[in-house]
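J.: Here it is, the structure in full.
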Amino acid sequence: MDLQQTLSLASVNFSRVLDGVADIDLARATPCEAWSVGDLIWHVARGCDMSVLLLGGASKAEASQLFTVAAQGDVVGECRRALGEQLGAFEADHDLELIVHHPMRDVPVRELYDFRIMDVTLHSWDLARALGADEVLADELVAHVLAMLEPLEGIIGQIGVFGQGPSGSLDPAASAQSRLLDLSGRRP
């Protein structure tokens, strides 16, 4: 599966969970500390919009500004729009080695793909957990994100976006999804 197909699958998976969000759910807590369902959805939408800007040549400062606006309006509709625009922006013929100015650091488009696949995939699980919905992630997504994160296992808890990182208590025979969730600081 190529990067575009993987991002598309992640978007479809997130959208499937998003379909179950009702207005009353927006205030629910999520596994992401201090984020409500509405906040999580807004975060995913802003991340998608950031990618569109970066692929269009935006600066780090321009991309960072997207995250200064608090959630507002129809966050579910906004997220649907942003997911679609992100897919469209990545469909353009980009050199995968082209450098974009991500707020974390300059990265090639290939790595931006990975960031977005990871973000949308992990937040699909977070949203499903918050809603009490089906939490199963597609095997292809789990394998992709796990391959990205496993090399960081020793430092992932220090990065600041994955909670405490791995628990150290996971059964070695645990499923790939369980390993991914534990590695990314999630405790199902």
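The values are calculated or read from the model by the stated rules, or taken from the named source; none is laboratory data. Nothing here was measured: the structure is a model prediction, and the numbers come from that model. Here Cβ is always computed from backbone atoms with ideal geometry, including for glycine, and neighbour counts include all displayed protein chains.
J.: I'd like to check something: does region 27-40 contain any residue that is surrounded by fewer than 17 Cβ atoms within 10 Å (Cβ to Cβ), farther than 24 Å from F162 by Cβ and without any contact (Cβ under 8 Å) to a residue 12 or more places away in the chain?
T.: Within region 27-40, one or more residues are surrounded by fewer than 17 Cβ atoms within 10 Å (Cβ to Cβ), farther than 24 Å from F162 by Cβ and without any contact (Cβ under 8 Å) to a residue 12 or more places away in the chain.
J.: Here is a follow-up. Return the only residue of R187, R116 being crowded, with 17+ Cβ neighbours inside 10 Å, of a type outside the set (V, I, T) and closer than 23 Å to E33 by Cβ. Working first, answer last.
T.: Working: R187 fails: crowded, with 17+ Cβ neighbours inside 10 Å.
The match here is R116.
J.: Taking region 59-77 as the search range and keeping residues that are at pLDDT 95 or above and buried (at least 18 other Cβ atoms within 10 Å of the Cβ), which one is nearest to F14 (Cα to Cα)?
T.: Per the stated criteria, the residue is V76.
J.: In region 68-77, how many residues are part of a helix (DSSP H, G or I) and in contact with a Phe, Trp or Tyr (Cβ under 7 Å, 6 or more places away or on another chain)? It would help to see each step written out before you state the result.
T.: First, the residues of region 68-77 that are part of a helix (DSSP H, G or I): 68, 75-77.
Next, from what is left, pick out any that are in contact with a Phe, Trp or Tyr (Cβ under 7 Å, 6 or more places away or on another chain): 75.
Summing the residues that are part of a helix (DSSP H, G or I) and in contact with a Phe, Trp or Tyr (Cβ under 7 Å, 6 or more places away or on another chain) in region 68-77 gives 1.
J.: Hey, could you check region 130-167 for residues that are in contact with a Lys or Arg (Cβ under 8 Å, 6 or more places away or on another chain) and not polar (S, T, N, Q) and say which is surrounded by the most Cβ atoms within 10 Å (Cβ to Cβ)?
T.: Within region 130-167, the match that is surrounded by the most Cβ atoms within 10 Å (Cβ to Cβ) is A130.
J.: Return the residue satisfying two criteria in turn: it lies in region 162-188 and is of a type in the set (G, A, S) and touching a residue at least 40 places away in the same chain (Cβ under 8 Å), and of such residues it is farthest from A143 (Cα to Cα).
T.: Step one: of region 162-188, the residues of a type in the set (G, A, S) are 163, 165, 167-169, 173-176, 178, 184-185.
Remaining after also requiring touching a residue at least 40 places away in the same chain (Cβ under 8 Å): 163, 184.
Numbers: G163: 21, S184: 13 Å.
Looking at the filtered set, the residue picked out is G163.
J.: While we're looking at this one, here's another question. Consider only pairs whose beta carbons are under 6 Å apart and that are at least six residues apart or on different chains; among these, list those whose first residue lies in region 54-72 and is over 10 Å from H102 (Cα atoms) and whose second residue is assigned to a helix (DSSP H, G or I) and not aliphatic (A, V, I, L, M).
T.: L66/R46; L66/D49; F67/R46; A71/G38; A71/D39; A71/W42
J.: Can you tell which of L98, L9, L26, L66 is of a type in the set (A, V, I, L, M, F, W, C) and touching a Ser or Thr at 6+ places or on another chain (Cβ under 8 Å)? Lay out the reasoning, then the answer.
T.: Values: L98 fails: touching a Ser or Thr at 6+ places or on another chain (Cβ under 8 Å); L9 fails: touching a Ser or Thr at 6+ places or on another chain (Cβ under 8 Å); L66 fails: touching a Ser or Thr at 6+ places or on another chain (Cβ under 8 Å).
Within the list L98, L9, L26, L66, the selection yields L26.
J.: From the list H94, H123, H144, H101, which one is at pLDDT below 95 and in contact with a helix residue (DSSP H, G or I) (Cβ under 7 Å, 6 or more places away or on another chain)? Walk me through it before giving the result.
T.: Details: H123 fails: at pLDDT below 95; H144 fails: at pLDDT below 95; H101 fails: at pLDDT below 95.
Answer to the check: H94.
J.: Under the condition of being buried (at least 17 other Cβ atoms within 10 Å of the Cβ) and not hydrophobic (A, V, I, L, M, F, W, C), which residue from region 95-113 is nearest to G57 (Cα to Cα)?
T.: Checking each candidate, the answer is H101.
Listed here are the residues, each with its yes/no results for (1) over 16 Å from D114 (Cα atoms); (2) of a type in the set (A, V, I, L, M, F, W, C).
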residue: T68; (1), (2): yes, no
residue: E78; (1), (2): yes, no
residue: E85; (1), (2): yes, no
residue: A89; (1), (2): no, yes
residue: A92; (1), (2): yes, yes
residue: V100; (1), (2): no, yes
